[in-house]
Each structure stands twice: as C-alpha cells, then as structure tokens.
Amino acid sequence: MTKNLKIRSTTVCAVLHNGEVAIGADGQATMGNTVAKSNVKKIRKLQDGKIVTGFAGSTADAFTLLEKFDEKLNSYGGNMKRAAIELAKDWRTDRYLRKLEAMMIVADKSEILIISGTGDVLEPDNGIATIGSGSMYANSAAIALKKHAGEKLTARQIVEEALHIAADVCIYTNHNLVVEEVK
C-alpha cells in the first residue's frame, strides 16, 4: 500500500436514552475509492459486557488502543472514566501511541465517552456520541430521533436508524450494522 492512499472507514454511534445505552457501527472499510471489506466488526464488549467500545480509523491502531484500554480497565478496577483518562494521557505522550490513527467511543450503563489521540476524553451533553466519516450525519439523525422519539424508540432503535441514515448519505458507511447494548 502506498503512503498517500488514505484509508477511510466507519461510522460509530452511541446513544444513552431512557436509561438504556446502545452503541453500533457500520461494517465498511475502504482504501481510496474502493471498498476493501464490507463486514468489519468495529464494536467490542469488555468487562463481561459491562463496557462496550466502538472504534473508527486504522484497524490495527484501533486494536492496539482497545488492548491498552482493556489493560487500563483491569488496572483501575473497571472504572471506565479513569481508564479512559489514563489511556488518553498515554496516547498523547507515548512516542509509539502518539502515531496511532483511530478514535474510540466507550460506554457503560450510565455514560458514554469519546477518547481521542489528542488527549481528549469527552462526555457528550446530549447522550449521543459519534465518530468516523459519517459521524455528523449519524449525530444529526440521532439528535432528531431522540428529540422526537420520546418513549417510542429504544436507544438501540435510535442507533440503528441513525446509522442507516448516515449510510444513505456517506459513501464510506454501509448498512451492515453491528449494534450492542450495555448490560
């Protein structure tokens, strides 16, 4: 693969709604203007399903970060926020980790966090977090669905519909979804 071939992939969406948390992602990975794979699984359960993560960006980089996050969770007794902060600090300052190109959403039963390589650990105000190439489309859809859904839709249904809307608009997002709920 050439250095200037940009890999784009994924839309990840997490929603906290009516006491439920769901996180989902599409399955598309592209290289340049070609679909490289259509069924990549970008959602992972950790801590016996108590924490669910989703990632966007380079797959190898994301798996490295996922392993580091799992180590941090184990080091801090499953405390998701503390593990996220420690991972972000390492990610920003470690010479090797600093070069990783990915982002993560992590969620437990009561909160959602976005973790980036710039040292950010963000907790969205509205209970909606999105990352990846179709993130703005999924975010807008999830905001509208959550605002107008009331009790009619579950967190899972909002995530699924928001990702389908993103897939209809973003060429780097497809309809092969994996959605998990936090137990």
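Have a look at Glu20, Glu101 and point out the one that is in contact (Cβ under 8 Å) with a residue 60 or more places away in the chain, touching an Asp or Glu at 6+ places or on another chain (Cβ under 8 Å) and on the phi < 0 side of the Ramachandran plot. Checking each option against the conditions leaves just Glu20.
Right, Leu113: hydrophobic (A, V, I, L, M, F, W, C), within 19 Å of Ile51 (Cα to Cα) and buried (at least 18 other Cβ atoms within 10 Å of the Cβ) or not?
Here the answer is yes, as Leu113 does meet what is asked.
Table: residues versus (1) under 21 Å from Gly19 (Cβ atoms); (2) crowded, with 23+ Cβ neighbours inside 10 Å; (3) within 15 Å of the chain's Cα centre (by Cα).
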residue	(1), (2), (3)
Gly119	no, no, no
Asn126	yes, no, no
Lys147	yes, no, no
Ala162	yes, yes, yes
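The set of residues in segment 22-42 being of a type in the set (Gly, Ala, Ser) and not in a strand (DSSP E or B) consists of Gly27, Gly32, Ser38.
For the residues Gly77, Gly119, the requirement of being outside any helix (DSSP H, G or I), without any contact (Cβ under 8 Å) to a residue 24 or more places away in the chain and out of contact with any Cys (no Cβ under 6 Å at 6 or more places or on another chain) singles out Gly77. Could you list, in sequence order, the residues of segment 43-74 that are outside any helix (DSSP H, G or I), of a type outside the set (D, E, K, R) and closer than 16 Å to Ala107 by Cβ? Ile43, Leu46, Ile51, Val52, Thr53, Gly54, Phe55, Ala56, listed by residue number.
Within segment 39-62, not a single residue is at pLDDT below 95, farther than 25 Å from Pro124 by Cβ, surrounded by fewer than 23 Cβ atoms within 10 Å (Cβ to Cβ) and β-branched (Val, Ile, Thr).
The values are calculated or read from the model by the stated rules, or taken from the named source; none is laboratory data. Just so it is clear, the structure is predicted and the values come from calculations on it, not from any experiment. Please note: Cβ atoms are built from the backbone with ideal geometry, for glycine as well, and neighbour counts cover all protein chains shown.
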